[in-house]
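The next block holds one structure in the form of structure tokens; read it before the comments.
Coordinate-derived values only; no laboratory data. Here the structure is a predicted model, which means the values were calculated and not measured. Glycine gets a Cβ as well: all are built from the backbone with ideal geometry, and neighbour counts include every protein chain shown.
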Amino acid sequence: MNKILSNIRSVPGVWGTLAIDKKRALTYQLLPSTYTADSVKQIALPALNLGRLLEKNLLIDFFFENGKARLYNRTEAIVFIMGRYDMDFDLLGSVCKEAVPAICRRFARANLSDNNPTPADNNVSFDFLLKAINIVASNVQQKVGAYLVTKHLRSAKDKLVEKYPFLSSITVDNNGIAFLIKGNVAYRGSDLMHGFAHWANLFIASCAASTDKLNAADILELTIEIKDKLEITGFYQLYSDIGS
């Protein structure tokens, strides 16, 4: 993906490219290092919402005070390219004639992989998913505080124990950190990732109901440091399916 985005970025005048998987709401970007996760989100979410409303196979050019941009809306993807006023739309179109379909093929293959009947749980460990929960909790804590994180992390787990008994082997301390209770063995069952995805979804939704600083759809932002690994496992698709 980086190679494809780099090819687009090589067009004179282009300073940033954002590719969005419409089905899974995942973003891939090649933007200046000054762009934070929040900055990317402020561009990606409006672009995603616009792409879902507009007809497919649409191309839109934008003109701003300090530059211009082009948006490709396709069935699988939205590709948003930002540039200076000297960005050459004709040259950009020539490069994107191959680049945009290549991005769409990548996303289509990834979505097909998500629907593969082989359980993704077999490819991910209990320790990694526990780490993911703690990363989510830590990032949520920056928005709502330790008290609410501890309360909702415990409550969400308790509500799901009957459906996923292995969650009873996990405890949450007063700092909102989840860990395996001493003497218990890390679970490896086929519903492992479903359980953790459901826990994360219910926890974030509960926290979001307590504040306007958080949304249940913020999972990508909350796990950005391990996004690549979670994406490969199909975690985001499970999370999305549970919330829909």
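General observations
- Using only side-chain charges placed at the Cβ, +1 for Lys and Arg and -1 for Asp and Glu, the dipole size of region 2-114 relative to its Cα centre rounds to 420 debye.
- Among Met193, Met82, Met1, sorting on how many other beta-carbon atoms sit within 10 Å of each Cβ, with the fewest leading, yields Met1, Met82, Met193.
- Within region 1-18: backbone nitrogen closer than 11 Å to the Arg109 label point (7 Å, Cα to C-beta): 1
- With a Förster radius of 25 Å applied to the beta-carbon distance between Thr211 and Ser168, the computed FRET efficiency rounds to 0.30.
- By the beta-carbon count within 10 Å of each Cβ, the least crowded to most crowded order of Asp241, Asp218, fewest first, is Asp241, Asp218.
- In range of the label at Asp228: residues from region 2-19 whose backbone nitrogen is under 13 Å from the point 7 Å along Cα→Cβ: 2-3
- Inter-centroid distance (Cα atoms) of region 1-74 relative to region 159-213, Å: 34 Å
- Nearby lysines by direct alpha-carbon distance to Lys151 (threshold 16 angstrom, same-chain neighbours under 8 apart not counted): Lys143, Lys159
- Net dipole in debye of the chain [+1 Lys, Arg Cβ; -1 Asp, Glu Cβ; about Cα centre; nearest 20]: 200 debye
- Here the gap between Asp158 and Leu50, fully extended at 0.36 nm per residue and compared with their Cα-Cα distance, gives a gain of 35.1 nm.
- Calculated FRET value between Asn184 and Lys41, using beta carbons and R₀ = 35 Å, to 0.05: 0.40
- Debye log10 I(q)/I(0) for the chain, one point scatterer per Cα, at q = 0.13, 0.14, 0.18 Å⁻¹: -0.84, -0.94, -1.30
- Straight-distance crosslink candidates among lysines, where the alpha carbon sits under 22 Å from Lys229 and sequence neighbours closer than 8 are dropped: Lys3, Lys22, Lys23, Lys41, Lys131
- Contact order, relative form, for the chain: 18 percent (alpha carbon pairs under 8 Å, 6 or more residues apart, mean separation divided by residue count).
- When Ile232, Ile170 are arranged by Cβ crowding within 10 Å, least crowded first, meaning fewest neighbours, the order is Ile232, Ile170.
- Once the C-beta distance of Asp61 and Ala25 is scaled by a Förster radius of 30 Å, the resulting FRET efficiency is 0.80 to the nearest 0.05.
- Cα-only Debye scattering, region 120-243: base-10 log of I(q)/I(0) at q = 0.14, 0.16 Å⁻¹: -0.52, -0.70
- Ellipticity estimate at 222 nm from DSSP helix runs (n ≥ 4, -39,500 (n - 2.57)) divided over the chain, nearest 500: -16000 deg cm²/dmol
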